[in-house]
1. From the list V122, V102, V143, V112, exactly one residue is within 19 Å of the chain's Cα centre (by Cα) and open to solvent by 10 Å² or more (accessible area, probe 1.4 Å). Which is it?
2. Determine, yes or no, whether F312 is over 18 Å from P42 (Cα atoms), open to solvent by less than 30 Å² (accessible area, probe 1.4 Å), aromatic (F, W, Y) and touching a strand residue (DSSP E or B) at 6+ places or on another chain (Cβ under 7 Å).
3. Output the number of the condition that V154 fails; it satisfies all remaining conditions of (1) surrounded by fewer than 24 Cβ atoms within 10 Å (Cβ to Cβ); (2) touching a residue at least 40 places away in the same chain (Cβ under 8 Å); (3) in contact with a Leu (Cβ under 7 Å, 6 or more places away or on another chain).
4. Of the numbered conditions (1) of a type outside the set (K, R); (2) touching a helix residue (DSSP H, G or I) at 6+ places or on another chain (Cβ under 8 Å); (3) without any contact (Cβ under 8 Å) to a residue 24 or more places away in the chain, D262 fails exactly one; give the number of that condition.
5. Scan segment 37-56 residue by residue and report those that are surrounded by fewer than 21 Cβ atoms within 10 Å (Cβ to Cβ) and among the aliphatic types (A, V, I, L, M).
6. Of the residues L290, L278, only one is under 24 Å from A70 (Cβ atoms) and not in a helix (DSSP H, G or I); which?
7. Among the residues of segment 135-161, what is the count of those that are touching an Asp or Glu at 6+ places or on another chain (Cβ under 7 Å) and of a type in the set (K, R)?
Amino acid sequence: MKNKLGPALIPVLLMFSLASLAQAQRTRLNVGYSAISADQLPAWVAKDSGIFAKNGLDVELIFFTGGSTAILALVSGDVPITQVSGPGLVSSVLGGSDAVFVGAGITSLNYVLMGKPGVKSVEQLKGGTLAISRFGSATDSIVRFALKKLGLNVGKDVTLIQVGSGPERLGALQTGRVTAAVINPPSSFIAEKRGMAVIADVAQMGLVVQHTGAVTTKRFIRDHSDIVRRYVRAHVEAVHKMWTDKEATIRALGKYMGSGLDREILDKSYDNVMHETLYPKKQYPSAEGLKTVINEIAERDPRAKSAKPEQFIDATFIRELDQSGFIDGLYKK
């Protein structure tokens, strides 16, 4: 006797078949990120909300301490795409790499300079140590910019110390291992809650900068343009998710911060970054922000003096999404 499928079962079986096919066709992709902070939200949200999977990508997220480490992993081929800041990318290209921004990520700063318990003024920083993640990273450039604005010189007035991620810099502050540190939310909010003081708000110092964005190499674009196209689409959809789904964004932030943050800190961290000046909806990498990065690096590296922002950007994929109406369509729904 022949087995007959009822008409109602056919769509169900078809759905499962298509789902299995989509799973089989997903491209495995290692993606780096370079900090434990809200700067890294696009990749976290894309992973945890199923946006990468929706775009045919089976992504493994890999943490690298600091932008300089993350960019080295990109150049060496350990990861073909990473989230990294402007200073790390520019320094890498000046050294001969072909790295480029393909998505803006976060295009301004939300960092503060905080002192250990008892340190509350610029004067108290003199002769002390200041924690950054790694030399050549965004925190390195940010501190140099801030100290210059405050009238202090690296090496003469303050010694920079490589400590690691935001939580690690917070720990060094709390134990008094360093005099001060440059940190951002949620670590900065935790520090305030524990009685430590903001010495300077870098975001209020007038710095326009291309901070942490989606980066790959020109070679990977040439050899795997379809993968990059799908990644950038997922990145844009993740930023849209961040703008429109606070709960999903906070879940991702709490998961990857990994320190049992209370709801108040998570809410403040979300509210702190969700502004057009930080996470623009159109996600074009910032040429103006890269100019700031180049100028800062040029003070230490003569090779940067002739560099142009455009050589560090490939806006092809963002432009395609924008001109097709895809981005505007997301926010009209």
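The values are calculated or read from the model by the stated rules, or taken from the named source; none is laboratory data. What you are looking at is a predicted structure, and each value in this text was computed from that prediction instead of being measured. Reconstructed Cβ throughout: ideal geometry from the backbone, glycine too, with neighbour counts over all protein chains shown. When the accessible area is computed, the model is the full protein with side chains, heavy atoms only, and any ligands, DNA or RNA have been set aside. Shrake-Rupley method; radii C 1.70, N 1.55, O 1.52, S 1.80 Å.
1. After ruling out the rest, the residue left standing is V112.
2. On the way: over 18 Å from P42 (Cα atoms): yes; open to solvent by less than 30 Å² (accessible area, probe 1.4 Å): yes; aromatic (F, W, Y): yes; touching a strand residue (DSSP E or B) at 6+ places or on another chain (Cβ under 7 Å): yes.
The answer is yes for F312.
3. (2)
4. Among (1) of a type outside the set (K, R); (2) touching a helix residue (DSSP H, G or I) at 6+ places or on another chain (Cβ under 8 Å); (3) without any contact (Cβ under 8 Å) to a residue 24 or more places away in the chain, the lone unmet condition for D262 is (2).
5. Residue satisfying the conditions is A53 alone.
6. L278
7. 1
Yes/no per residue for (1) under 16 Å from I106 (Cα atoms); (2) modelled with pLDDT of 95 or more:
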| site | (1), (2) |
| --- | --- |
| L207 | yes, no |
| A238 | yes, yes |
| L261 | no, no |
| K268 | no, no |
